[in-house]
1. Where both residues lie in the chain, what percent of DSSP beta bridges are antiparallel, nearest 5?
2. So what is the calculated 222 nm ellipticity per residue for the chain, using -39500 (n - 2.57) for each DSSP H run with n of 4 or more, over all residues, to the nearest 500 deg cm²/dmol?
3. For the pair residue 58/residue 87, report the inter-label distance in nm, with labels modelled 7 Å from Cα in the Cβ direction.
4. Which cross-chain or sequence-distant (5 or more) residues have an amide H under 5 Å from the amide H of residue 58, H modelled 1.01 Å from N in plane?
5. Quick one: Debye curve from the C-alpha atoms of segment 60-99, no solvent, what's log10 I(q)/I(0) at q = 0.17, 0.22, 0.31, 0.34 Å⁻¹?
6. Excluding residues on the same chain fewer than 8 positions from residue 110, give the lysines whose Cα lies under 26 Å from its Cα.
7. Using only the Cα atoms of segment 44-126, what are the Rg and Dmax in Å?
8. Kirkwood hydrodynamic radius (Cα pairs, Å) of segment 91-152?
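Since every read-out is calculated from the coordinates, none of them should be taken as a lab result. If you're wondering where the values come from, they're calculated on a predicted model, not measured in any experiment. Neighbour counts are summed over all protein chains in view; Cβ atoms, including those assigned to glycine, are modelled from backbone coordinates with ideal geometry.
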Amino acid sequence: MSNKLTTCLWFDKGEARKAAEFYAATFPDSHVGGAMEAPGDFPDGQKGDELTVDFTVLGQSFVGLNGGPNFKPNEAVSFMVVTESQEETDRYWNAITSNGGQESMCGWCKDRWGFSWQITPRALLEANNNPDKAAAKRAFEAMMSMRKIDISKIEAALKGETADA
């Protein structure tokens with residue numbers, strides 16, 4: 001591990017590698033690195049079990065800890081992935097939700113391990129920061145009614161139209 005700052009994600013026993021492999025297969029600039037076997041017995045594990053696995057997602061380093069069932073992720077921490085197109089938004093959203101994850105509101109979803117993701121089109125960020133405050137409000141209100149973000153509906157709201165028009 002060469003980074004000074006790496007985020008450690010706690011997984012139930014044996015799930016860290018499965019998650020790392022899923023993330024590496026889903027996102028570009030991602031890969032699974034080395035692992036560390038436990039040098040001795042630990043709660044929920046034994047000497048020789050895979051204790052941690054290093055991985056990179058979108059160029060960011062992580063370590064997955066097979067810590068057991070004691071701690072669960074929650075929405076207080078999420079991974080925001082900025083997308084450049086509807087196709088990219090759909091690809092990430094569908095990969096996460098169709099692999100045992102679940103949809104939430106406003107571009108948020110959870111993966112099967114309980115980690116929250118914000119699949120956020122750049123167009124949404126720009127719309128919400130539009131200097132025309134009325135247009136930004138329309139885009140924001142459109143977002144509030146969505147699960148997965150629909151860029152065409154955000155763009156229509158900016159113009160004061162509906163996406164069907």
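1. The antiparallel proportion sits near 60 percent.
2. Roughly -9500 deg cm²/dmol at 222 nm, from the helical runs in the chain.
3. So the two model labels end up 1.9 nm from each other.
4. 30
5. For segment 60-99 at q = 0.17, 0.22, 0.31, 0.34 Å⁻¹, log10 I(q)/I(0) is -0.71, -0.98, -1.08, -1.09.
6. Candidates past the 8-residue exclusion: 13, 18, 72, 148, 153.
7. Over segment 44-126's Cα set, Rg and Dmax evaluate to 14.9, 51 Å.
8. By the Kirkwood definition, the hydrodynamic radius is 12.1 Å.
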